[in-house]
1. Quickly run through region 200-218 and pick out the residues that are under 15 Å from Ala282 (Cα atoms), in contact with a Gly (Cβ under 7 Å, 6 or more places away or on another chain) and among the hydrophobic types (A, V, I, L, M, F, W, C).
2. Restricting to region 168-221, name every residue that is farther than 22 Å from Phe63 by Cα, touching an Asp or Glu at 6+ places or on another chain (Cβ under 9 Å) and basic (Lys, Arg).
3. Would you pick out the residues in region 122-132 that are free of Cβ contacts under 8 Å to residues at least 40 places away in the same chain and either outside any strand (DSSP E or B) or under 17 Å from Ala294 (Cβ atoms) (or both)?
4. Can you say whether Ser108 is among the polar types (S, T, N, Q), in a strand (DSSP E or B) and closer than 27 Å to Ile36 by Cα, as far as the supplied structure shows?
5. Assess whether Glu324 counts as being on the phi < 0 side of the Ramachandran plot, at pLDDT 95 or above and acidic (Asp, Glu).
6. So, of the residues in region 147-179 that are of a type in the set (Ser, Thr, Tyr) and surrounded by fewer than 22 Cβ atoms within 10 Å (Cβ to Cβ), which turns out to be farthest from the chain's Cα centre (by Cα)?
7. Looking at Gly177 and the list (1) in a loop (DSSP other than H, G, I, E, B); (2) touching a residue at least 40 places away in the same chain (Cβ under 8 Å); (3) under 29 Å from Pro268 (Cβ atoms), which single condition is not satisfied?
8. Give Gly308, Gly270 a once-over and let me know the one that is surrounded by fewer than 24 Cβ atoms within 10 Å (Cβ to Cβ) and at positive phi.
Amino acid sequence: MRHRLSVLPLVLSCLLLSVPAGAGERYANPHADEPIGTVRDVYSGTLFPDVQVNTFRNIDRLFPTRVVEAGTTPYPLPPADHALENFRFESRGRTYDLYDFLSLNRISGILVLKNGEVAFEKYLLGNGPDTRWMSMSVVKSITATLVGAAIADGHIDSLEDPLTRYLPVFKGSAYDGVTIRQLLLMASGVAWNEAYTNPDSDRRAMLEAQLAQQPEGTLKLMARLPRAAEPGTRWNYSTGETQVVGALVAAATGKPVAQYLSETIWQPFGMETDASWWLESADGLEIGGSGLSATLRDYARFGLFMLGGGKAGGKQVLPNGWVEEATRDHDIPGKPEPYGFMWWPLDRGAYAAIGIFGQFIYVNPTQQVVVAMWSAQPKPEGKDAVDEYLFFNALSDALE
């Protein structure tokens, strides 16, 4: 391993300042003049539909951001010989078709790839190919994938390494004794309440720390959390856990997370458009669990990167077998949990990166299908009218 940084402030003050927030931005936002809401209203689910959509495609205006620079040669997405046609499927005791799903689930963009070719691409609610849309927890999967890249690059020795080897700031906290593997599985045993709409939850406390824009504010919050279980013995979904993963990537590589994503995947694979990523403070650490904003086609390209086993620009970016390990169920302990390294395993051997309000990168290796999908559902959770997983299964079958 090439980097052994003893304190996190060194990472933040000396390394992250080398790439100023917003530097190198080449993207011209076609929606930049639209009125938007507040981030508290986003998480509370209290935005009117028009303002909500405006906000979701302008999240780079809510916080300082850092650019994820794209390359100069986009990965090609040619049209398929056979386009996706309308199909019908059952969900929750009712029958729906493609048009029903797009309308009822407030889909704002969907791109379907079959064998790497575009079988269906539709933009709705005023979006277009040049729109960048928020990822929400989809970016958790991307942040976790960078740990695999850091292992392949020699920055991290092993998933069994203790987290404090790279982030000594967590010595003496509930994260002391947690391994990198346990962190990626959200099985640290550290207490966390993820309730988005509850202003007293840990998730909202993290949002408030982000709003305060104080360097290391989110990590200080994480270091204060109590332990609820022994490491590796309990699974608990935690956006804060991904913030720690982002800090791990920055400390191990000695680079801002956005820069490392750009250098390892975004540019080599051929993403077409610069993305932006929320920061916890100006020139500070990226928010590992939310805040990436990218085009629909580039989200789909990330799905293709995973489908291809983690290769980009002719190089094996992820360790051999990483994708399979990262996207399968794991025992925690002795009990199968439907969770990988911040990816969600699904049936049929498929898996997905999933964000609140209905954001998805769906990958089905068996049927060679990738779906990137945006939505603007009215609340963070529980307002999908039609089951997305049944939709993805039926869509994959319709392409056969």
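The values are calculated or read from the model by the stated rules, or taken from the named source; none is laboratory data. From a predicted model like this one, the values you see are computed outputs, not experimental measurements. As a convention, Cβ positions derive from the backbone with ideal geometry for all residues, glycine included, and neighbour counts pool all protein chains shown.
1. Ala209
2. Once the filter is applied, which keeps residues that are farther than 22 Å from Phe63 by Cα, touching an Asp or Glu at 6+ places or on another chain (Cβ under 9 Å) and basic (Lys, Arg), region 168-221 yields only Arg181.
3. If the condition is that a residue be free of Cβ contacts under 8 Å to residues at least 40 places away in the same chain and either outside any strand (DSSP E or B) or under 17 Å from Ala294 (Cβ atoms) (or both), then Leu124 is the only one that fits.
4. yes
5. So Glu324 fits the description; yes.
6. Top of the filtered list is Ser173.
7. With (1) in a loop (DSSP other than H, G, I, E, B); (2) touching a residue at least 40 places away in the same chain (Cβ under 8 Å); (3) under 29 Å from Pro268 (Cβ atoms) applied to Gly177, the lone miss is (3).
8. Gly270
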